[in-house]
Each structure stands twice: as structure tokens, then as C-alpha cells.
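First up is the structure itself, then whatever we jot down about it.
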Amino acid sequence: MGLRSHAKNVSFVFLFGIIFVLFTAFLDFWVLRELKRSYQETELVIMGIAGSNEAGSGLLRWQKEAPDADWLLSGERLMGFYGYDSETDTVWDRKFSEARRGVLIVSVCLDLALFAAFAAIWRRREKGNAVIFMELESVFRKLQTTDSLRPEFEFTHFDEVLKDRILSLWEQIQTDRECLIREKETTKALVTDISHQLKTPVAALKTSMELLASEDLTQEEEDEFYENCLYQLNGLENLTKALVNVSRMEKGMIELHMEPCDLNETILDAVNRLYGKAAAKGILIEMSEDSPKYPVIVRQDRKWTTETLVNLIDNAIKYSGADTKICIHVECLTNFVRIDVEDEGIGIPKSEYHKIFKRFYRGKAVSMVEGSGIGLYLAREIMERQSGAVFVRSKPSGKRGCIFSIQLPK
């Protein structure tokens, strides 16, 4: 960068010098041409007046007015008559030679003086640039090696714009560095969590397969181990799907398509996907009586909002006993719409309210129930990307279960 800039500066100086020399040469040519013409006319006019009968009055008139064409012609004829032509050296030619020498000397001295002044300015500028480059090198070295603490930058020769740009660059580097550290820690935690999640079903599947490979099993025992293998495989399949969604969500590969949709239709889509599972357990899913019967139009990504409701309702089915009820309530408030999913399950301790939305977290009370701990994490991510929220709260004292709520802005 510095060499390229230096080469450009040298080229500029060289080009400026050529242009300036050409300009002064043209100026010298024009001045000398006019000067020679003036000397020649003066010589001819004086000769023309001398050969006429009005030498005194003619000279006075010529001093006040422009040269007379008749005197020029008369002087030229008189010079020719006495044998003088354009090649003959006269006193006026010698005067012109002296004037030309003076003009050329002045022109050369002026060129040299201007070149010297320009070179001094350019050298001073280059010296200043060298100092700036050295300070920039020092700044960049500090930017490369500094930690999270702000380094002491030397801004002696920098203007305010350059200072602001350097400080902005330092802040951006720190932000990027922090993001890389967080991403590294997140990746490390994700690998650890995935390993932990896969460890249990894979170990159970391996044990069942090894037992099936033995020959000392009854038909009933074989059926039991086959059923366990299918159970573990289903669990692995669900876990894989959940992990794929988590990965796509965290990498920004999932794009939300927001458009006005009826929230009641979204709720119906979610309930239809889980109605059979709830019915098999004897659980009733119903809408509350005071929910709006009219269309509730909200900007949302219908597919992923449905996925959030499926996660909440599926958890309610999973952690509720047989012959219980799940009630869905919709409430339109001033700035947002809230959907409550109320169950009659085992409930969640208040001490775990801030933990259950973390990735792969599972409470102690539900450790024996099939699950991956990803559903609520995905629900929170989906709602936040829609400028919404998801949270949990307790039911009134003495009632079993809990209430999960999602909010979407109107």
C-alpha cells in the first residue's frame, strides 16, 4: 500500500514537472516572438520616419499612437536600398539577443525555484506520511495483539475522522472476538450435550441388541427386547429431528415468513397433529369458553408458530396423567395476543422456571419420561424471532399442573 502510494506520488511529480516545463517553454516562445516583432517594427518605423520629411513631428506622433503601416513599408524599402536584409545583424538584433538571454535566465531560475519549492513541500509531505504510516503500523500491531482491554493508541498525527475509524475498528474486532469465543463455547457445550443425549439411548439399544443375539431367551423376552429397540430407535429419530432444527435455527438457516394469519387456525393445526396422541391417553383438549370466536389476525410464521404450540401441547400430554384435560385459552390484549396452554400434569417447581427453556435441560421430576429437552428451547427461539415471548407460570394454589403462554405482538 505504501509503495503503491509512493509510486503514485513520484508519477504525479514527474507529470507536474513536464507540464510546467512545457508551459514555461510556450510562455517563453510567445514572449520572445512578441519581443522580436516589437524590436523589428521599432527599427523599421524609425528608419521610415528618418527617410521622411517629418522626422520630429513623426517621432512624437509615433510615441503616442500605434506604428503607421506606411512608415513600416518605407523603413523596409530604405533598409533594402542600403543593403540591409533580415539576415543583417543590427543594433536592434543585439538588443533582442540580450533580452532573450535575460528572459531565458529568468525562466530557468523560476522553473528551478518552483521545482525546489514543490520538492520541499513534497518531501515534507512524504515525511509526514512516513510518520503516519509508522503510527498506523503501531496501531495495527496493538489491534492484533491486544486483549479485551482498550489499548493506548498514539493519535499524534491523525485527524478526528481517522481516530474514529480506528476506534470503531477496535470495537468491531472486540465484538467479533467475543462472538468467536461465545460460538466456540456454544459449540463445545452443544457437542457435550449431544453426546450426553445420545449416550443413554445408544447404550440401551446396544444392550438390547446384545441380549437378542444370545440364544437363551424366551419368546416373551425377545418380544420385550424388540419393543425396547423400537422405543429407543424412535427416541433417536425424534432426537435427530430436534437436533437438526436446533442446528438450523442457531445457524440462521431457518427463515421466518411473517404474514397476517388467523391465530385460531394455527391453534387448530397444532391440536389436529396431537389429537390422536391425547385421545390414546384419555386426555381431552378443548378451547376455553371465553376465547374469541372471531378470527384473530396476527402477523406470524404459521408453520413455526404451529411448531411452538405443538411442543407446548405435546409436553402437556406427556407430563399429564390419563383422563385429564388440557385447556387452550386465547386473550386479545392492547398490544399483543396471548395463548395459554393449561394442563393438569405434574407441574414445574418455581426454582426451575428460568432453566426449562435452556437447551437439553430436563427437570428431576421428569427424568424418567421420554424427552430430549429441546422442545421448549426451540419454542423460545421461534417466539423471540417473531418479536414474541414464551413463559411459564403456576396455576392457582391447590391445583395441579402449570400454564405455558406464548405472546405475539398485534
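The values are calculated or read from the model by the stated rules, or taken from the named source; none is laboratory data. Small disclaimer: the values here were computed from a predicted structure and weren't measured. Here Cβ is always computed from backbone atoms with ideal geometry, including for glycine, and neighbour counts include all displayed protein chains. These accessible areas exclude ligands, DNA and RNA; they are computed on the full protein's heavy atoms, side chains included. Shrake-Rupley method; radii C 1.70, N 1.55, O 1.52, S 1.80 Å.
For the reader, a short list of remarks on this structure follows.
- Once the chain from S97 to F29 is taken as fully extended at 0.36 nm per residue, the excess over their C-alpha distance is 23.1 nm.
- Using a Förster distance of 35 Å, the FRET efficiency for F133-L180 (Cβ separation, nearest 0.05): 0.75
- Around the amide H of I374, modelled in the peptide plane, lie the amide H atoms of F360, all under 5 Å away and 5 or more residues distant in sequence or on another chain.
- Estimated at 0.36 nm per residue, the fully extended path between K399 and T218 surpasses their Cα-Cα distance by 60.6 nm.
- Size check on the stretch 267-332: the Cα extents along the three principal axes, sorted descending, read 35, 26, 16 Å.
- In this structure, A189 and Y231 have a Cβ-Cβ separation that, at R0 = 35 Å, corresponds to a calculated FRET efficiency of about 0.80.
- Available extension along the chain between I19 and R248 is 76.1 nm, counting 0.36 nm per residue and deducting the alpha carbon span.
- L15 accessible area, 1.4 Å probe, all protein chains in place, Å² to nearest 10: 100
- Order of exposure, largest accessible area first, which applies to T186, T24 with probe 1.4 Å: T186, T24
- Residue pairs exceeding 32 angstrom between C-alpha atoms, taken from K184/K355; K206/K277; K184/K318; K188/K395; K184/K410; K293/K358: K184/K318; K188/K395; K184/K410; K293/K358.
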